[in-house]
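Chemist: Structure provided below as structure tokens; questions to follow.
The values are calculated or read from the model by the stated rules, or taken from the named source; none is laboratory data. Predicted model, so just to flag it, every value in this text is computed and none were measured. Every residue, glycine as well, gets a Cβ built from its backbone with ideal geometry; the counts of neighbours run over all protein chains shown.
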């Protein structure tokens, strides 16, 4: 039960965005993928969720290959990707955004239960149900995007830069929520972040990417104390 | 003396005005069905479907054949709407989707699908010619096309025009319920607004798009069966309606179903009032005068979205 990425290579047009990347995330763990802008983090996540094709290599979840599968099929099998830029549909209401996984999920009782759990987790969403998602603040949109993913009862959550553009206090709140979800729901999480410090603090493992290649894979704690990583990515 | 003389003129003016309003509504209603068909396809696949005129006329020919065999307009209407839905779905699944799969980037992404629908329009019209010939056929209206009497004068608005209005209103109501109150409608809207987020939420966007084409095809099928009685049926019979439907959709901003209906009504009123009060020659130019004025005042159309979206 784990996410296994091995020798994965991805091209972005004529540019090699990800070069021969390998790492493993055991089930129930939170892995942070950190690196500067342009390191290929987003491209990696988009490939894992089926939005982008890989050039070579493999990626599997619980032994099944996930490369080449369609994003909607991966989502239905429990791999939810919360893309960057606060991935909500601005024209739909908060309630409608949350209802999207309920369209295809068979167990309607559990959809209702999951929805009430999400509203309990993010009470502000409960107060804004009939508002359009476009009217939410950045932090609220991020909560909505994560909340929508949770209603699908995911096993593997791929989060792209949830801290982007948010105030430090909100970032802290979102990070703590993610950390608590991993334990509470036995989730496996791949968290892509430029905010390396914040991400490594809540992560079990860390993968450091630079220009599409892995420069370090280790426990998050060790990476936080590694002088080279500190100098290059944590800024002290 | 003057009083006695003035009353009939006042009466004539009044019935003329009432007639203009009612015919505006019924022609606007037909434009609205065509505009809705175009907007539905535009929202789901970012294509202006010029083939819609061919699809609608083909399903009307199918309806015509049903009438020839059974004599029932109502059965023909049902068959035309259902075959319109099937034809729309088939065109998307086996013609448009393969085209979209093969072209990925460059200006051709915008051009090729539209040119493909134009080509398809020609092909469908040629097929109709082979099967039914090129001569004008006619479909008899199911209810009287004789005008109602208002204040002793027969006006150019009939029981049939009223039926058209009722049918279009019912179709709109069904669409509103479908889009706003059902899971299918939510999937259609989500896929139109943001295909990527819809996919990541587990919605089968490709199938939803095909459904959008099917609903558009059904709307076109209804438009054909309501438009052709009182007119003639020939392979190019719906071309003008396609143009008016397109103008109405653009006035409404192309994105909005509500906008398409409003655009169609504006067009219906403009055309009928211009031809009633100025000159019958203004029938065709009025559509474009309205279009140009609206686009100059509101370049995105009346209900267009402000932000641009990519396919």
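Chemist: Take residue B:221 and decide whether it is at pLDDT below 95 and surrounded by 19 or more Cβ atoms within 10 Å (Cβ to Cβ).
Modeler: Taking the combined requirement at face value, the residue does not satisfy it.
Chemist: While we're here: Checking residue A:104 against (1) at pLDDT 95 or above; (2) surrounded by 19 or more Cβ atoms within 10 Å (Cβ to Cβ); (3) at the interface with chain B (Cβ under 10 Å from one of its Cβ atoms), which single condition isn't satisfied?
Modeler: (2)
Chemist: Which condition number does residue B:19 fail, the rest of (1) buried (at least 21 other Cβ atoms within 10 Å of the Cβ); (2) under 20 Å from residue B:229 (Cβ atoms) being met?
Modeler: (1)
Chemist: Among (1) away from chain A (no Cβ under 14 Å); (2) surrounded by fewer than 16 Cβ atoms within 10 Å (Cβ to Cβ), where does residue B:139 come up short?
Modeler: Result: residue B:139 fails condition (2) only.
Chemist: I'm checking my understanding of the structure. Among residues of segment B:148-184 that are in a helix (DSSP H, G or I), more than 23 Å from residue B:30 (Cα to Cα) and free of Cβ contacts under 8 Å to residues at least 12 places away in the same chain, which one is farthest from the other protein chains (Cβ to nearest Cβ)?
Modeler: B:181
Chemist: Is at least one residue of segment A:25-38 outside any loop (DSSP other than H, G, I, E, B) and either surrounded by fewer than 21 Cβ atoms within 10 Å (Cβ to Cβ) or at pLDDT below 90 (or both)?
Modeler: Looking for residues that are outside any loop (DSSP other than H, G, I, E, B) and either surrounded by fewer than 21 Cβ atoms within 10 Å (Cβ to Cβ) or at pLDDT below 90 (or both), one finds at least one in segment A:25-38, hence yes.
Chemist: Residues that are buried (at least 19 other Cβ atoms within 10 Å of the Cβ) and in contact with a helix residue (DSSP H, G or I) (Cβ under 6 Å, 6 or more places away or on another chain): does segment A:176-186 have at least one?
Modeler: The answer is no, given that none of the residues of segment A:176-186 is buried (at least 19 other Cβ atoms within 10 Å of the Cβ) and in contact with a helix residue (DSSP H, G or I) (Cβ under 6 Å, 6 or more places away or on another chain).
Chemist: Count, please, the residues in segment A:44-68 that happen to be away from every other protein chain (no Cβ under 12 Å) and under 18 Å from the mean Cα position of the chain (by Cα).
Modeler: 8
Chemist: Considering every residue within segment A:48-70, establish whether at least one is touching a residue at least 60 places away in the same chain (Cβ under 8 Å) and farther than 25 Å from residue A:163 by Cα.
Modeler: Yes, that holds for at least one residue.
Chemist: State the number of residues belonging to segment A:69-95 that are surrounded by fewer than 20 Cβ atoms within 10 Å (Cβ to Cβ), at pLDDT 95 or above and facing chain B (nearest Cβ under 7 Å).
Modeler: Total meeting the criteria: 1.
Chemist: Could you please find all residues in segment A:125-156 being under 17 Å from the mean Cα position of the chain (by Cα), within 14 Å of chain B (Cβ to nearest Cβ), buried (at least 20 other Cβ atoms within 10 Å of the Cβ) and closer than 21 Å to residue A:96 by Cα?
Modeler: Of everything in segment A:125-156, those that are under 17 Å from the mean Cα position of the chain (by Cα), within 14 Å of chain B (Cβ to nearest Cβ), buried (at least 20 other Cβ atoms within 10 Å of the Cβ) and closer than 21 Å to residue A:96 by Cα turn out to be A:141, A:142, A:144, A:145, A:146, A:147, A:148, A:149, A:150, A:151, A:152, A:154.
Chemist: Has segment A:156-167 got at least one residue that is without any contact (Cβ under 8 Å) to a residue 12 or more places away in the chain and under 24 Å from residue A:186 (Cα atoms)?
Modeler: Within segment A:156-167 (the criterion being without any contact (Cβ under 8 Å) to a residue 12 or more places away in the chain and under 24 Å from residue A:186 (Cα atoms)), the answer is no, since none of the residues qualifies.
Chemist: Looking at B:191, B:207, can you tell me which residue is within 14 Å of chain A (Cβ to nearest Cβ), surrounded by 24 or more Cβ atoms within 10 Å (Cβ to Cβ) and under 30 Å from residue A:82 (Cα atoms)?
Modeler: B:191
Chemist: Residue check: is residue B:198 surrounded by 23 or more Cβ atoms within 10 Å (Cβ to Cβ), at the interface with chain A (Cβ under 10 Å from one of its Cβ atoms) and without any contact (Cβ under 8 Å) to a residue 24 or more places away in the chain?
Modeler: Here the answer is yes, as residue B:198 does meet what is asked.
Chemist: Is it the case that some residue within segment B:210-217 is within 13 Å of chain A (Cβ to nearest Cβ), farther than 12 Å from residue B:34 by Cα and out of contact with any strand residue (DSSP E or B) (no Cβ under 6 Å at 6 or more places or on another chain)?
Modeler: Checked segment B:210-217: at least one residue is within 13 Å of chain A (Cβ to nearest Cβ), farther than 12 Å from residue B:34 by Cα and out of contact with any strand residue (DSSP E or B) (no Cβ under 6 Å at 6 or more places or on another chain).
Chemist: Take segment A:187-215 and flag every residue that is crowded, with 18+ Cβ neighbours inside 10 Å and part of a strand (DSSP E or B).
Modeler: Across segment A:187-215, the qualifying residues are A:188, A:189, A:190, A:191, A:192, A:193, A:205, A:206, A:207, A:208, A:209, A:214.
Chemist: Something else: Could you list, in sequence order, the residues of segment A:1-44 that are over 22 Å from residue A:219 (Cβ atoms) and without any contact (Cβ under 8 Å) to a residue 24 or more places away in the chain?
Modeler: Result: A:13, A:14, A:15.
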